[in-house]
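Notes for the one structure printed next.
The values are calculated or read from the model by the stated rules, or taken from the named source; none is laboratory data. If you're wondering where the values come from, they're calculated on a predicted model, not measured in any experiment. Every residue, glycine among them, receives a Cβ derived from its backbone with ideal geometry; neighbour counts consider all protein chains shown.
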Amino acid sequence: MTTLRSPRVMMRPHGLQDLRDLSEMWVIPQVVEHISGAPLSSDEVWAKLMFHIGHWQALGFGYWAVLDATTGHYLGMVGFAVRPRNTEPTLPDSVEAGWVLHPKVQSKGIAFEAMQLAYAWADEHQNWDKTHCLISPENLASLKLAARLGFQPFQEVRYRGGPSMVLERVCAP
């Protein structure tokens, strides 16, 4: 499996050892506010973990667990997925990028650093023309990060009863 490193983070595909950290993270109000709107149940966290593990097994890419490079503590997740979401209108036919970091490390550049590693890996190992992300228009921090990563507004959609922004990023040739 693919492990990536920078001075501050180490990233590896999710494994069963991440269940506890995911369970703790997905009940934090600041984490779920703009994503699910409510804490995830234990079976929802389990399904999310299986989704991440399965992506790597079936597609050769997915989300990485982001760990502190020094302590090994779980900081969150970043990566790529194929997500057939029920949006109106439908999402573009491309891989979806995403990031979710623990509040204790938000606004410290960790997500940007981790996504730069992820995109460097994708540019070398995948043949994607573009990726997209789906962000609540109220999630200003995530929209700011998307802009720093080179995403451009693409379209507005309705997802889970509310508005969402679809942003698009052209990948390196």
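I need the full set of residues from the range 120-159 which are part of a helix (DSSP H, G or I), charged (D, E, K, R) and in contact with a strand residue (DSSP E or B) (Cβ under 8 Å, 6 or more places away or on another chain), in order please.
Residues satisfying the conditions do not exist here.
Looking at the range 112-126, can you tell me whether even one residue there is crowded, with 18+ Cβ neighbours inside 10 Å, among the polar types (S, T, N, Q), touching a residue at least 60 places away in the same chain (Cβ under 8 Å) and within 24 Å of residue 51 (Cβ to Cβ)?
No, the range 112-126 has no match at all.
Residues of the range 74-96 being without any contact (Cβ under 8 Å) to a residue 40 or more places away in the chain, part of a loop (DSSP other than H, G, I, E, B) and touching a His at 6+ places or on another chain (Cβ under 9 Å), which ones?
82
Just to verify a result, which residue in the range 97-107, among those that are touching a residue at least 60 places away in the same chain (Cβ under 8 Å) and part of a strand (DSSP E or B), is nearest to residue 157 (Cα to Cα)?
Once the filter is applied, the top-ranked residue is 97.
Answer yes or no as to whether residue 71 is over 25 Å from residue 21 (Cβ atoms), hydroxyl-bearing (Ser, Thr, Tyr) and at pLDDT 95 or above.
For residue 71, the condition - over 25 Å from residue 21 (Cβ atoms), hydroxyl-bearing (Ser, Thr, Tyr) and at pLDDT 95 or above - is not met.
Working only within the range 24-44, note down all residues that are assigned to a helix (DSSP H, G or I) and crowded, with 18+ Cβ neighbours inside 10 Å.
25, 31
Is it true that residue 144 is within 13 Å of residue 76 (Cβ to Cβ), free of Cβ contacts under 8 Å to residues at least 12 places away in the same chain and either surrounded by fewer than 14 Cβ atoms within 10 Å (Cβ to Cβ) or among the acidic types (Asp, Glu) (or both)?
Considered against the rule, which asks whether it is within 13 Å of residue 76 (Cβ to Cβ), free of Cβ contacts under 8 Å to residues at least 12 places away in the same chain and either surrounded by fewer than 14 Cβ atoms within 10 Å (Cβ to Cβ) or among the acidic types (Asp, Glu) (or both), residue 144 comes out as no.
Let's see how each residue does on (1) without any contact (Cβ under 8 Å) to a residue 60 or more places away in the chain; (2) more than 15 Å from the chain's Cα centre (by Cα); (3) under 19 Å from residue 110 (Cα atoms):
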| site | (1), (2), (3) |
| --- | --- |
| 4 | no, yes, yes |
| 14 | no, no, yes |
| 22 | yes, no, yes |
| 32 | yes, no, yes |
| 41 | yes, yes, no |
| 48 | yes, no, no |
| 59 | yes, yes, no |
| 67 | yes, no, yes |
| 71 | yes, yes, yes |
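Can you say whether residue 66 is outside any helix (DSSP H, G or I), among the aliphatic types (A, V, I, L, M) and either under 22 Å from residue 21 (Cβ atoms) or touching a Leu at 6+ places or on another chain (Cβ under 6 Å) (or both), as far as the supplied structure shows?
Answer is yes for this residue.
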